[in-house]
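The values are calculated or read from the model by the stated rules, or taken from the named source; none is laboratory data. On a predicted model such as this, the values are computed, not experimentally measured, just so you know. Here the Cβ positions follow ideal geometry from the backbone for every residue, glycine too, while neighbour counts run over all protein chains shown.
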């Protein structure tokens, strides 16, 4: 380890000789100064790792010196040392972003603890996180061999997300690679679980809440006691929700966090229409052929969500005042934010926010987005940055002021696709990279969940011999024609429509205003 240099600033520095000898005995280099002015000159001339700064000095005060230090180098941790316990001094120092605060007289072990907290913190956290994950790795591996229920899969997936978020903060690529391999194995097992159980969820009553039952089972009970804002953020994964949860928590406190399952295909035209209609796609096609469009039909596939919602509300016998808004651009978001007070008399205000979906799809089209969201960590960061600067946050702040309940959910997640899987179909085969529907499909059976009879999983058939296939894990479908170009273009992009933990297990959050 490189020698750590401490700058200790105190007008009575001679009285601190025992402390300095103690630190030098621990292999720290200590430079001493008797005034703020001297300290600032030292900082201009050499590299300093941490500053111990007396608050009460003649000439430039400790707080004034602190402000000047932050101007020279805002990243240097400064530990304020003072005789005074007056609250305003503490508030001034903390407001100036000190690293620590010690009251005189200090003992050597306090100083050592502060050094370790501020300089060794990353290393200590890294070592502890690595050790904890190594223990947890074995438990997750055991769970993977035994997990066999919806609840167990939800718990396991959230555990993997937790460790992903923990490990990305430390400098241990080896541990992160182990976690990545564990996620791949989890998705392999999850694909088998869905293949075995998915069709039965529609006939048994012990299956999970899914897209078409979400509104009736979970949302309706919430809108009976106070006006509710329902926000469906397209394409929002669990880890992305965690990326901006703290921002929402400034205005709302979470009362429920549950997980539901997206239907297959995990694609907007299927899953989101199912949320608003309360029906599976096969039933939508039968009951509302004027609104339902199959993959090969011309035109937008999600143009009638408000009409589907109106029909579901009537079917459920709900006597409520409601409005539906779809936001697909910054301009639309700002308009709704500016006029949001008009929603105050609604029992339910439903907003579909399309930004995350636009972001993930544009990643395959725009080199800039590819650079900004090259992996899950940067994808989360980009989502967080968008949310903090979006009209949606302004709307949520207004909803808090109006005393509304807030529900945040999504229609499906996405997965970063890595490996191609060859598929052959006729000219009418659907174009999605994670699922295909059509006649005479040829594919690698091990790579897919297949539905030879789509009606069994409540999906419409484009014609009598149509089937569906859904890509498992992080695969994406590629045609043999121009194969290498196609693979290079779409590898490491975010897609949805298939079978994975990331796409199917998705958040449902209920919050009350603070």
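Listed residues 6, 48; which is part of a loop (DSSP other than H, G, I, E, B) and crowded, with 19+ Cβ neighbours inside 10 Å?
48
Are there helices (runs of 4 or more DSSP H) fully within region 139-219 with at least 3 residues that are at pLDDT 95 or above and either surrounded by fewer than 13 Cβ atoms within 10 Å (Cβ to Cβ) or out of contact with any helix residue (DSSP H, G or I) (no Cβ under 6 Å at 6 or more places or on another chain) (or both)? List them.
Ranges flagged: 150-167, 173-197.
If you scan region 224-239, which residues turn out to be under 14 Å from residue 509 (Cα atoms) and in a helix (DSSP H, G or I)?
238, 239
Within region 438-450, how many residues turn out to be under 24 Å from residue 273 (Cβ atoms) and modelled with pLDDT of 95 or more?
3
For (1) within 21 Å of residue 157 (Cα to Cα); (2) not assigned by TED's automatic domain parsing to the domain that holds residue 248, each residue gets a yes or a no:
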| site | (1), (2) |
| --- | --- |
| 453 | no, yes |
| 458 | no, yes |
| 463 | no, yes |
| 467 | no, yes |
| 473 | yes, yes |
| 484 | no, yes |
| 488 | no, yes |
| 509 | yes, no |
